[in-house]
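The values are calculated or read from the model by the stated rules, or taken from the named source; none is laboratory data. Owing to the predicted nature of the structure, the values given are computational and were not obtained by experimental measurement. Backbone-built Cβ (ideal geometry, glycine too); neighbour counts: all protein chains shown.
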Ligand SMILES: C[S@@+](CC[C@H](N)C(=O)[O-])C[C@H]1O[C@@H](n2cnc3c(N)ncnc32)[C@H](O)[C@@H]1O
């Protein structure tokens, strides 16, 4: 698999990020999307952990934990994870990137959530990473991804200026197709329009491994 950048920008700017985003969600859509994901995981009856990939400062993993989900927060940034661990010491945190190759292979997953973290991956490595996720997910497991999206019909994915690290916006259909090619089925999607707090449309995609 091609190399995945460690994104050192988040180490340098972790404190500023923490101040800029002191709570889990910046919109009701985000909060409800995560709640629906949590409900779907619990209703699946699957045992096993849910990974929050690119968990950042840990607020969303904490929300999932409060909802009864056994969650592990994964992030390549030592500084972001340190803030998460200090605030939420009862949750498990694991330093590593979206390839999840650092996690024990026998740990079968009940779900994966990746909010605004796949945007930082070179689009060329995303299909391989989704395949690696599917290899670890149990039948019936759910995957929720959130990302700034593009409506450029000519380009499935476009790089955009991001304050911390290189980042790419995907067309919702393009990322959904990549998830489907890896072995997942789309359950629903939402697309929120830009507003005062959000420069770009933001998409949530919920997919599931067929039972
Ligand atoms: C915009 S923050 C989102 C944090 C959190 N998911 C949230 O919703 O608040 C992006 C996070 O993705 C992480 N990240 C960057 N590159 C990554 C990679 N290759 N694999 C996994 N996470 C990555 C960053 O360290 C950062 O914590």
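Tabulated data
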item: Candidate set from the range 70-80 (those that are more than 8 Å from the ligand (Cβ to nearest atom) and without any contact (Cβ under 8 Å) to a residue 40 or more places away in the chain); member that is surrounded by the fewest Cβ atoms within 10 Å (Cβ to Cβ); result: 72
item: Test for residue 162: is it over 22 Å from residue 34 (Cα atoms) and either surrounded by 14 or more Cβ atoms within 10 Å (Cβ to Cβ) or more than 11 Å from the ligand (Cβ to nearest atom) (or both); result: yes
item: Condition met for residue 56 (crowded, with 16+ Cβ neighbours inside 10 Å, assigned to a strand (DSSP E or B) and either at pLDDT 95 or above or within 9 Å of the ligand (Cβ to nearest atom) (or both)); result: no
item: The range 111-146, subset within 19 Å of residue 58 (Cα to Cα) and away from the ligand (no atom under 12 Å from the Cβ), residue surrounded by the most Cβ atoms within 10 Å (Cβ to Cβ); result: 111
item: Any hit, the range 179-188, residues being more than 24 Å from residue 69 (Cβ to Cβ), out of contact with any strand residue (DSSP E or B) (no Cβ under 8 Å at 6 or more places or on another chain) and buried (at least 18 other Cβ atoms within 10 Å of the Cβ); result: no
item: Matching option when the condition is assigned to a helix (DSSP H, G or I), surrounded by fewer than 20 Cβ atoms within 10 Å (Cβ to Cβ), more than 13 Å from the ligand (Cβ to nearest atom) and within 15 Å of the chain's Cα centre (by Cα), among 43, 35; result: 35
item: Members of the range 189-199 found to be surrounded by 15 or more Cβ atoms within 10 Å (Cβ to Cβ) and closer than 17 Å to residue 25 by Cβ, listed by number; result: 190, 192, 198
item: Residue tally, condition assigned to a helix (DSSP H, G or I) and either in contact with a strand residue (DSSP E or B) (Cβ under 7 Å, 6 or more places away or on another chain) or farther than 20 Å from residue 16 by Cα (or both), over the range 63-86; result: 8
item: Which numbered condition residue 150 misses (of (1) surrounded by 16 or more Cβ atoms within 10 Å (Cβ to Cβ); (2) more than 15 Å from the chain's Cα centre (by Cα); (3) under 20 Å from residue 69 (Cα atoms)); result: (3)
item: Those residues of the range 19-32 which are surrounded by 18 or more Cβ atoms within 10 Å (Cβ to Cβ) and without any contact (Cβ under 8 Å) to a residue 40 or more places away in the chain, in sequence order; result: 24
